[in-house]
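Just below is one structure, and these are the notes that go with it.
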């Protein structure tokens, strides 16, 4: 089954994050204004800090779980944590953290490659420099592979491409796209392969939904190539590409 990322997913995740932050903030006692500001740094703040906006947040009953929370250390390195919050509810409906929580452990070691989460901008000659995307991940999928996603960022050029996409890091043989890659005679390990989730309006119709893509990160740039032509035929060499650069 091909998993596709949509813009609505990012909005729902942001909404869940807002609720989580509000609940946790309400239970913090005796923390001064300076401490609260340090606990929720702006994107431009110096490390260390956590980036819950790029985590996978779920809830069940009285438990909220944040998986793969990127944590930037004082040295600038990024590590990933799994955070579990369990709440008690009193007769008046008030929430308090259960004893022993929050529970924080290192996220399991999986194949994450070298992709970097964050906001990226496309070439200056594409959409007047307004081709903007946000890269999120990683999530864990079958076979020990990891799943990464991107979506056009708020304020992006209307034809930013791809508008959304998902790709996988791991052995090609265990990829959710293994059958399709084999059928297209794609064997290169230079790319992590995925599909376009939603397509923008484009003049020539490229980068449509379900287009087969390859993704590679070198330094602070991420290159996305397209293996599917306008007639929905897959090829074993790219037919188009675009490169985005991480926004500082």
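Which one is modelled with the lowest pLDDT among residues in segment 233-244 that are surrounded by 14 or more Cβ atoms within 10 Å (Cβ to Cβ) and under 22 Å from the mean Cα position of the chain (by Cα)? Of everything passing the filter in segment 233-244, 242 is modelled with the lowest pLDDT. Residue check: residue 200 meets all listed conditions (1) out of contact with any helix residue (DSSP H, G or I) (no Cβ under 7 Å at 6 or more places or on another chain); (2) more than 15 Å from residue 135 (Cα to Cα); (3) surrounded by fewer than 19 Cβ atoms within 10 Å (Cβ to Cβ) but one, namely (3).
Residues of segment 207-232 that are within 23 Å of the chain's Cα centre (by Cα) and part of a loop (DSSP other than H, G, I, E, B): 207, 208, 209, 210, 211, 219, 220, 227.
For segment 237-248, the candidate set comprises residues that are part of a loop (DSSP other than H, G, I, E, B) and either free of Cβ contacts under 8 Å to residues at least 24 places away in the same chain or touching a helix residue (DSSP H, G or I) at 6+ places or on another chain (Cβ under 9 Å) (or both); within that set, the residue that is farthest from residue 192 (Cα to Cα) is 248. With respect to residue 154, is the statement that it is in a loop (DSSP other than H, G, I, E, B) and crowded, with 22+ Cβ neighbours inside 10 Å true? No: the conditions fail for residue 154. If you go through segment 61-76 and keep only what is surrounded by fewer than 16 Cβ atoms within 10 Å (Cβ to Cβ) and either in contact with a strand residue (DSSP E or B) (Cβ under 7 Å, 6 or more places away or on another chain) or closer than 21 Å to residue 147 by Cα (or both), you end up with 62, 63, 73.
The values are calculated or read from the model by the stated rules, or taken from the named source; none is laboratory data. As the structure is a prediction and not an experimental result, all values here were calculated from the model. Because the Cβ atoms are built from the backbone with ideal geometry, glycine has one as well, and the counts that use them run over all protein chains shown.
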